[in-house]
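All remarks here apply to the structure that follows.
Values in this text are rule-based calculations from the coordinates and carry no lab data. Small disclaimer: the values here were computed from a predicted structure and weren't measured. Here the Cβ is made from the backbone with ideal geometry for all residues, glycine too, and neighbour counts use every protein chain on show.
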Amino acid sequence: MTNKNHAEVAIIGGGIVGCSIAYYAAKAGMDCMLIEKNDIASGTSSRCDGNVSITDKDPGFESHMSWKSQELIAELQNELDLPFEYRALGSILVCDNDDEAEAAEKWVKTQNDSGLKFNFLTNEDVRNESPYFAHDIPGGLECETDSLINPYLFCYSLVDKAKQYGLTLKTNAEVTSISKKKDFTIETSSGTVTAKKVVNAAGVWAPFIGEMLDLKIPIEPRKGHILVGSRANPVMMRNVMEFGYLMNKFGRERIADPITEKHGVALVLEPTDSQNFLLGSSREFVGYDDQVDMNVVRTIASRALRFFPSMDDFNMIRTYTGFRPFTEDHLPIVSPVEEVPGFYIAAGHEGDGISMASVTGKLMEELMQGKEETIVQADPLRFDRFQAATT
Ligand SMILES: Cc1cc2nc3c(=O)[nH]c(=O)nc-3n(C[C@H](O)[C@H](O)[C@H](O)COP(=O)(O)OP(=O)(O)OC[C@H]3O[C@@H](n4cnc5c(N)ncnc54)[C@H](O)[C@@H]3O)c2cc1C
């Protein structure tokens, strides 16, 4: 535990977003402290998948932001010392019916028009991808630039390198209050810290940090379940999602049975580096209750069988849940807060925090240093877009 109690920048939250900010800010020479109530990656960033994807991003600003993040993560693969199971294999998305296949074809065209590397897949292409696929899948699409990481290891790798650039790490330190005079005073469960700037990177808990400064931050927890399977046979080498995942994520209409609809279930199958696979996922607004719901687990398993019928005798090892930090317009908040100078928010990445952590970290470093040129446009991510929407 460090005795240092002042920093230029205090970052609250040691998830993938906070770790990425800590890395880029420390690398840029800023004197940073990362404050985490438990340990690194103990929140959503260790209860998720590891897709660094564009496939599931809305074409336009969101997909370009993810693309930038993919470029950064490829660089980080060389810059960081500790490996984080980076695999740049692309990913695929499969369709349940002809309507979805038609929509997928349009999705490919829109993404191609904005310069992204998407390809349409026929039934035959899908069957060539894996012999485990059901034979009646009408088609799908491929995004060539998608990659996979182990988010947990990535957080540790970022912090390890940031420490080499001078980062101070304070774990088991829960922030309990924040006040501001000239500097910020941050009370934690393991002592008081002062800082000139504060970044709220507390994921689904960002609203509680906001309340400490009378700020209403519109982020809600959107629960997801994952099953961990033992990969007896190499079902897939790269990540696969179903087209309905996009519909669930963006709250659009989808043809699905009532129970699949109720729990917001859509197939995601991610092969891990250790030869297991992650099977997901669900989307539900049920507050901060992190209990595993066996009805949801069963629905996820049976949805997987629609696409991989011969997986019915595979062994499952465990299940877990996590909370996606949801915002109404599906974009994160990466922004200064005008009414509290020196206070910043980097939260609200919903199901995209792994994909977008790197670009978020870089952008936040640039915003804190007052740079005019930023890696992506900062305006669509401003906190006051929500205030403007309510006035
Ligand atoms: C099932 C599931 C699957 C997902 N799959 C993907 C995927 O494949 N690709 C993708 O891009 N995204 C995915 N996501 C989304 C992604 O996991 C999140 O967007 C991301 O992890 C959020 O990171 P974060 O750093 O903002 O939050 P967190 O990882 O939750 O970090 C916030 C940290 O703040 C700490 N904290 C909270 N309060 C305090 C306090 N008072 N004092 C100090 N510290 C505090 C917490 O302990 C926590 O460690 C998935 C999410 C789920 C649930």
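Phi angles of the range 151-163 translate, via the Karplus equation with coefficients 6.51, -1.76, 1.60 and θ = phi - 60°, into HN-Hα couplings of x, 4, 5, 4, 4, 5, 5, 4, 5, 4, 6, 4, 4 Hz per residue; Gly and Pro are given as x. Among Val340, Val52, Val376, Val9, a tally of other beta-carbon atoms within 10 Å of each Cβ gives an order, fewest to most, of Val340, Val376, Val9, Val52.
In the chain, the calculated helix contribution to ellipticity at 222 nm averages -9500 deg cm²/dmol per residue, counting -39,500 (n - 2.57) for every DSSP H run with n ≥ 4. All C-alpha pair distances within the range 296-342, sorted into 5 Å bins from zero, spread as 4, 13, 15, 12, 11, 11, 9, 8, 6, 6, 4, 1 percent across the bins. The fraction of all Cα pairs in the range 57-216 landing in successive 5 Å bins from 0 to the largest distance is 2, 7, 12, 12, 12, 12, 12, 10, 7, 7, 5, 2, 0, 0, given as whole percents.
Values of log10 I(q)/I(0) for the range 230-339 across q = 0.14 Å⁻¹ run -0.64, by the Debye formula with one identical scatterer at each alpha carbon and no solvent.
When only Cα pairs below 8 angstrom with a gap of at least 6 residues are kept, the range 262-391 shows a relative contact order of 17 percent.
Springs between Cα atoms under 10 Å define the GNM used for the chain, and in it the highest mean-square fluctuation of Pro325, Pro234, Pro271 occurs at Pro234.
The value obtained for the chain, namely the Cα convex hull volume divided by the number of residues, is 136 Å³ per residue. For the range 279-391, the gyration tensor built on C-alpha atoms gives a prolate shape. Its axis ratio a/c (a ≥ b ≥ c) is at least 1.5, and a/b is the larger of a/b and b/c. Take the residue pairs Lys27/Lys161; Lys161/Lys362; Lys37/Lys249; Lys117/Lys223 and return only those whose Cα atoms are more than 19 Å apart. Beyond 19 Å between Cα atoms: Lys37/Lys249; Lys117/Lys223. Sequence-distant contacts, meaning Cα pairs under 8 Å at least 6 residues apart, place the relative contact order of the chain at 23 percent. The phi-based Karplus calculation (6.51 cos²θ - 1.76 cosθ + 1.60; θ = phi - 60°) puts the 3J(HN,Hα) values of the range 210-222 at x, 4, 5, 10, 6, 9, 9, 9, x, 10, 10, x, 10 Hz, whole numbers, x for Gly and Pro. The mean sequence separation of alpha-carbon pairs under 8 Å and at least six residues apart, normalised by the residue count of the range 108-226, gives a relative contact order of 12 percent. Scoring 353-364, 155-166, 22-33 by mean Cβ neighbours within 10 Å over their residues and listing the highest first yields 353-364, 22-33, 155-166.
Each residue in Glu328, Glu142 was given a count of other beta-carbon atoms within 10 angstrom of its own, and listing them fewest first yields Glu328, Glu142.
Taking amide H as placed 1.01 Å from N in the peptide plane, Val268 has its amide H under 5 Å from the amide H of Gly280, Ser281, each at least 5 places away in sequence or on another chain.
Ranked from largest, the principal axis spans of the Cα set of the range 62-150 equal 45, 31, 14 Å. When each of Phe208, Phe326 is scored by the number of other beta-carbon atoms lying within 10 Å, the sequence from fewest to most is Phe208, Phe326. Taking one quarter of the surface of the C-alpha convex hull of the range 1-145 gives a mean projected area of 11.3 nm². Taking the Cα centre of each part, how many Å lie between the range 17-62 and the range 148-225? The range 17-62 and the range 148-225 have Cα centres separated by 11 Å. Highest mean packing comes first when the peptides 309-317, 294-302 are listed by Cβ atoms within 10 Å, giving 294-302, 309-317.
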